[in-house]
1. With labels modelled as points extended 7 Å from the Cα through the Cβ direction, what inter-label distance (nm, one decimal) is found for residue 113 paired with residue 166?
2. So, in nm, how far is label residue 216 from label residue 249 when the simple model puts each one 7 Å beyond its Cα toward the Cβ?
3. Quick one: net charge around residue 112, please, counting Lys, Arg +1 and Asp, Glu -1 for every other residue with C-beta under 14 Å from its C-beta.
Amino acid sequence: MFLALGIVLAIFVSENLKADPNKTMGAFVDAVRSGDYRKAVNQFGGNACRCPAKGGWVSYLIYSSSQEPNLAFMTGHPFEYKAGAAKPIESSEEAKKGSVPWEAPQDVVIDVAIKFDSNKYRPLFLPVFMAYGKEMSEAEFEAFLKDPDAEAWKGFTLRLRPSLVKGAIERPEASKGIKYNPTESLGREPESKDKAKTGKEENYVYAPMEDMIRETLGEEGVLYLHPRDPGTVLKEDGSKLDPSSIEERLPRLSRCNLRMHVVRRGQLKQWTVYHVAITDPVLETADGQELVLDNYRPRYDNDKWNPRD
């Protein structure tokens, strides 16, 4: 019995020591592409006592979470990808705190080149007003078409949409009821407990922020926290521009880089996805011209891992 247990343990240790972060990356990207929310969430985890707010890791994959960055625009849609080599980076002090040699945390960054096929699917890039359900004038729409790069960083990934159809950004049924992963305690309550307490299915990343902003600035202050069905474009005579005409003229995302921060708690653990970011986006305009966006970058740093580097 002890011999069998020793063999099983030896195999477990050997497999984890040889674990490849690129394998975790591949499983995650494949799950995102196929729209398998549960499998994608199963690849998430951390090597320190941190995780998303009560919406859980699935917040990164659905528009309704208002999480930025967000991969909802590519989840369940076709694209091609090619991954680079995993590049080691320094682990945070929080992750290293109290660790013994065989539990030393490991962090790597993997850049994944994403390409969308114009014959299959390319996400639309919406103006800020439109993406948050606000009306805009035809002149404002024309100004956006002339310079989509201006203030592109405002809710950048939440403005990338599959279509202008009403309800296109509603939360898919397949994404509901997914608990936190991994199951080991990360200093947060699992989503199922939150549901039992509140009677609600989710309490997303920006919920506390929204309450604070509403108290200080009123309803006007929360207008641009959550993505909405596309707002209308009004002509000078007050009539609405036809949605199909709008969609034909909007730029689309041609390619980008998916930067993944992949970590593990120690050499005896499996690799997990800790954070993701979209970098180096390239749009294609309605007339077929490529536009490299310069102003997509968020206006904040993220610990020692900066998606702008």
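1. Going by the 7 Å Cα→Cβ label model, 4.2 nm.
2. Each label point is offset 7 Å from its Cα along the Cβ direction, giving 3.8 nm.
3. After counting each charged neighbour, the total is +3.
Bear in mind these aren't lab numbers, they're just calculated from the coordinates by the rules spelled out. Being a predicted model, the structure only gives us computed values, none of them experimental. We place every Cβ from the backbone using ideal geometry, glycine too, and count neighbours over all the protein chains shown.
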